[in-house]
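The values are calculated or read from the model by the stated rules, or taken from the named source; none is laboratory data. Note that the coordinates shown come from a computational prediction; the quantities given were computed from them, not determined experimentally. All Cβ positions, even for glycine, are placed from backbone atoms using ideal geometry, and neighbour counts span all protein chains on display. What goes into the accessible areas is simple: the full protein's heavy atoms, side chains included, and nothing from ligands, DNA or RNA. Shrake-Rupley method; radii C 1.70, N 1.55, O 1.52, S 1.80 Å.
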Amino acid sequence: MKLTIFESLILVATALATVGSCQAQTQKSSGAAMASQPSNDPRIAAALQQVSAARIKANIEKLVSFGTRSTLSAQDAGSIAGGRGIGAAHEWIKSEFERYSKDCGGCLEVKTDSFTEEPSERIPKPTQLTNVYAVLRGTDAENAKRIVLVTGHYDSRNSDTLDVAGNAPGANDDGSGTAVSLECARVLSRLKFPATIIFLTVAGEEQGLNGSHHFAKMAREQGWRLEAVLNNDIVGGDKNGEQDHSVVRLFSEGLPAAATEREISRIRGLAAENDSDSRQLARYIAEVARAYDVGVKPLLVFRLDRYLRGGDHYSFNQQGFSAVRFTEFREDFHHQHQNVRTEKGIEYGDLPKFVDFDYVARVARLNAAALASLASAPAPPADVHLLTKDLENDSTLTWTASPGGRAAEYEVLWRATTSPEWEHVQKVGNATHTTLKLSKDNVIFAVRAVDREGHRSLPVVPVPER
C-alpha cells in the first residue's frame, strides 16, 4: 500500500518517539545520567592560560638553529660549543629543564638516559644516544609512584637518514613535539600533584625508535607504575591549504602489542578489541578536552598510527604501557624528511615558516590538561570484574578499592557496543560492588575512581568472573 507523505511522516515520528522512549526507559531504570566529563579544576585551567605560543616559537627556532639534529651528527665538545649537531641540541634541552627547575625552586629532577646503540640498518657504527627528561615528583608518598609522561623526539633528518652533514631543520618533525614537552614542563612545574609527571625528549626516532625503546624498556625493568604516555610527533599544524587547525589526530592501539596469546584469545572472545588501556587513555583525553577550553579537539583515530607508519608511543605499547600519539590533521610530505630546496615552484624542507605556533600551543594545552588531570586523580580501581556465573539480565560489577587512599567514590560507565566513547555514568558511592538493571550482553562497562574534588581516574573495563 502506498502511503501519503503525511502518513509517512507520522510513521517516522512514531518510530523516533519509540526509540527515544526506550532510551529514556534504559536511563530511568538504571538511574543513569549522560556520561560526565572530568571536573574543571581552576588551578589547571589557570595553568593552561600560561602556555605561550611565543615561547613555543622561540624553542622551535632554537632547535632549528642547531643545523641538524640527526642522531648520527656530532656530539663532541667542539660541536656542542659551536652550537651544531645533536649534542648541542640535547645540552640545550637539558639547560632549559634546569632553568624551569630553578624558577620553581628546584622542583624538577633533570636527568639524562645515555646509552650506546649498536650498528643496525640506519646506524652504521656504535652511537651514543641521549634521552633528556625532567621529573616533577608527586607530593603524596604512595601516589608519587604513579607516573604520567609526555614526550617528543628531538632528533631530525633530511632526505637521507644517514646524512650527518646536511641541514635537517626538523621544525615540525619533531621540533613541535619537543616544544610541547618543554612547555608542559615550564607551566606544570609551577603546580603540585599527588602523582608524578615526567617530561621527556628522546633521540633516535628517525633511526628506528631507538631512544624511546631504551627508555620504555628501562621503565619496565625498573617496575615503574607508568599509567599514561602522551607522544607528540608532527603537531606543528603545517600551513597547507587543506589543514584543519581545529583538530589534532589522536592514535591508539587496539589489540595490545604486549598481550599474550591467552589474553588475545580472551579479548577476541569478549569482542574487546576496541577497549585496550590505550583506547581508554584516548577517550579520557577527549573528555578532558571537553572540560577545558584548550582550543583544539582530539580526533580519535582507532589505529596504532598513520597507515603502516610508526612513532615512539609504540615503544611503550610494546612494554605493556598505555600510550597514544598526537599528530596534526593533515601532513604535508614536502615539509618532512626532505632536504631544504625549491623544485618546480614547490618548497621542500621542514622549516619554521610552515609551522603554526598558535596551533602547537593549543596542542600543548591539551597535553598539559590531560597530564594535570591524570596526576591529580586517584589511581584507577583494581581487579574490576563482571560476574557471569548466572544467566541473568542484571549486571553485577566488583572491584578492589583504588590504591593510594585518594578515592572518595566510584562511577560505573557504559556505552553501546557500537559507540566510540562512554555515553552514561552511574555514581555508586564509596562501594566496591554494584548491580545495574542493564544486560551485560548489550553494553560495555567500565569503573573509575573519583576523589573529593571531582578528579576522575582512567576507567577500567572489567574482566568476566565465573
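One decimal place: the segment A45-Y307 gains 90.8 nm when fully extended, by the rule 0.36 nm per residue minus the C-alpha distance.
Rg and Dmax, both from the Cα atoms of the stretch 200-306 and both in Å, are 16.1, 47.
Between the listed residues A401, V384, V463, the Cα displaced farthest toward the positive end of the dipole of the stretch 367-466, a dipole computed from Cβ unit charges relative to the Cα centre, is found at A401.
Which shape class applies to the stretch 129-220: rounded if a/c is under 1.5, otherwise prolate when a/b exceeds b/c and oblate if not, where a ≥ b ≥ c are the square roots of the Cα gyration tensor eigenvalues? Since a/c reaches 1.5 but b/c is at least a/b, the shape of the stretch 129-220 is classed as oblate. Rolling a 1.4 Å probe across the protein heavy atoms gives the chain an accessible surface of 43 Å² per residue.
Which whole-number percentage describes the relative contact order of the stretch 410-466, with Cα contacts under 8 Å and a sequence gap of 6 or more?
Averaging sequence separation for qualifying contacts and normalising by length gives 35 percent for the stretch 410-466.
Surface composition of the stretch 44-165: carbon and sulfur make up 48 percent of the accessible area, probe 1.4 Å. Distance from the C-alpha centroid of the stretch 46-112 to that of the stretch 147-189: 10 Å, rounded to the whole angstrom.
Shape of the chain from the C-alpha gyration tensor: prolate (a/c of 1.5 or more and a/b above b/c, with a ≥ b ≥ c the square roots of its eigenvalues). Apolar share of the accessible surface for the stretch 200-359: 48 percent from carbon plus sulfur atoms, 1.4 Å probe. Summarising the strand pairing of the stretch 242-337, around 50 percent of its internal DSSP beta bridges are antiparallel. The Kirkwood radius of the stretch 382-466, taken over pairs of alpha-carbon atoms, gives through the Stokes-Einstein law at 10 °C and 1.306 mPa s a diffusion coefficient of 122 µm² s⁻¹. Our summary gives the stretch 348-444 a relative contact order of 24 percent, counting only alpha carbon pairs under 8 angstrom and 6 or more residues apart. Among the listed pairs K94/K217; K57/K94; K389/K427, those with a Cα-Cα distance over 20 Å are K94/K217; K389/K427. The listed peptides 165-171, 437-443, ordered by packing as a protection proxy, come out as 165-171, 437-443 (highest mean of other Cβ atoms within 10 Å first).
The stretch between R341 and A258 holds 25.7 nm of extra length on full extension. This uses 0.36 nm per residue minus the Cα-Cα distance.
Each Lys and Arg Cβ is given +1 and each Asp and Glu Cβ -1; about its Cα centre, the chain then shows a dipole of about 820 debye. Under a model in which nothing but the beta-carbon of Lys, Arg (+1) and Asp, Glu (-1) is charged, the stretch 354-457 shows a dipole of about 180 debye around its Cα centre.
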